[in-house]
């Protein structure tokens, strides 16, 4: 991050603008938390209440992959169709969340940066609980490479290993490799002639 962004983040009041790109099988939707439409990166990002909320973007240790939730306007019929439609149109499809820090006069400081990237997983309807909350279509997104069995099913992870053997780096790259699987052998090597 730039020095201007870091200094703004250190201040008491930090206005933040989010942009989200969701790649459905039927097309790509781009929304922003801003009050009006924005042009960025060659695309039009729809504002005006299409993207109602973005859950906290957190990082965790010990092979935990916290999900992120996006609240979409329930008044939009496309969002309602998403919640009631087929899961194959969104499940396992990419979603990218960009964050743009604004100055005190609500001007962007630099270009938006990727704050979170993952895959769309589940959709649910959240009903309103009064006048303050009108309800939303909540899209739950997960990190790619997440082991659905959870870290408790693993025999040992780096944090457990460090507690028993401080300084040993045997498990230090397990979390990184779990999220980024690679092919070990080339197809040419595997081919038997």
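Every number in this text was worked out from the coordinates using simple rules, so none of it is lab data. In this text the structure is predicted, and so the values were computed from the model without any measurement. When we count neighbours, we look across all protein chains shown, and the Cβ atoms used for this are built from the backbone with ideal geometry, even at glycine.
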Original post:
Roughly how many nanometres apart are two label points built 7 Å out from the Cα toward the Cβ at residue 162 and residue 40?
Top reply: 3.3 nm
Subject >> Efficiency of FRET between residue 173 and residue 107 - r from beta-carbon atoms, R0 35 angstrom, step 0.05 >> reply: 0.30
**OP:** Neighbouring Cβ atoms within 10 Å as the yardstick, rank 52, 102 fewest first.
**Re:** 102, 52
Subject >> Inter-label distance for residue 93 and residue 80, nm, one decimal - labels placed 7 Å from Cα along Cα-to-Cβ >> reply: 2.0 nm
